[in-house]
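Heads up: the structure comes next, in structure tokens.
Laboratory data are not the source of any read-out in this text; all were calculated from the coordinates shown. Just so you know, these numbers come straight off a predicted model, no measurement behind them. Cβ atoms come from the backbone with ideal geometry, glycine included; neighbour counts cover every protein chain shown.
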Amino acid sequence: VKPMTPRCTVPKAVPVGKTASLHCHESEGYPKSTYSWYRNSEPLSPDTKPNGRAHNSSYSLNPATGTLVFHAVHKGDTGRYSCIATNDAGFAKCEDQEMEV
């Protein structure tokens with residue numbers, strides 16, 4: 001079953017240095033969807049390190065839960081975020097949402 005449009009939660013404004021959690025979820029897809037996040041249409045790479053941090057980054061991304069966490073945001077994290085839920089039957093994308101730092 002193709003995923004339905006995921007529900008994305010993106011904070012509108014986050015102070016520099018604070019933690020920001022972005023969530024993406026949909027429940028119709030079968031098999032279960034995996035999630036990928038994009039900033040300004042550029043893909044954010046999922047965790048590649050055993051400790052849960054992508055190389056040289058201030059965030060961790062869990063493709064199974066759709067959670068993207070910035071551990072300490074900086075100005076460069078400002079942008080339009082969107083998420084795509086994908087499974088064997090297809091994919092669905094949520095609307096871009098602006099996060100300001």
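Calculate how large, on average over all directions, the projected area of the Cα convex hull of the chain is; give the answer in nm² to one decimal. Numbers along the way, then the final one.
Working: hull surface 23.7 nm².
If you wrap the Cα atoms of the chain in a convex hull and average its projections, you get 5.9 nm².
Summing charges over all other residues whose Cβ lies under 13 Å from the Cβ of residue 95, with Lys and Arg as +1 and Asp and Glu as -1, gives +1.
Charged side chains reduced to their Cβ positions (Lys and Arg at +1, Asp and Glu at -1) give the chain a dipole of some 220 debye around its Cα centre. Candidates 14, 43, 92 compared by Cα position along the dipole of segment 7-99: farthest toward the positive end lies 14, with charges placed on Cβ.
Which residues in segment 70-101 place their backbone N less than 20 Å from a point set 7 Å from the Cα of residue 9 along the Cα-to-Cβ direction? Those under the cut-off are 70-73, 79-86, 93-101.
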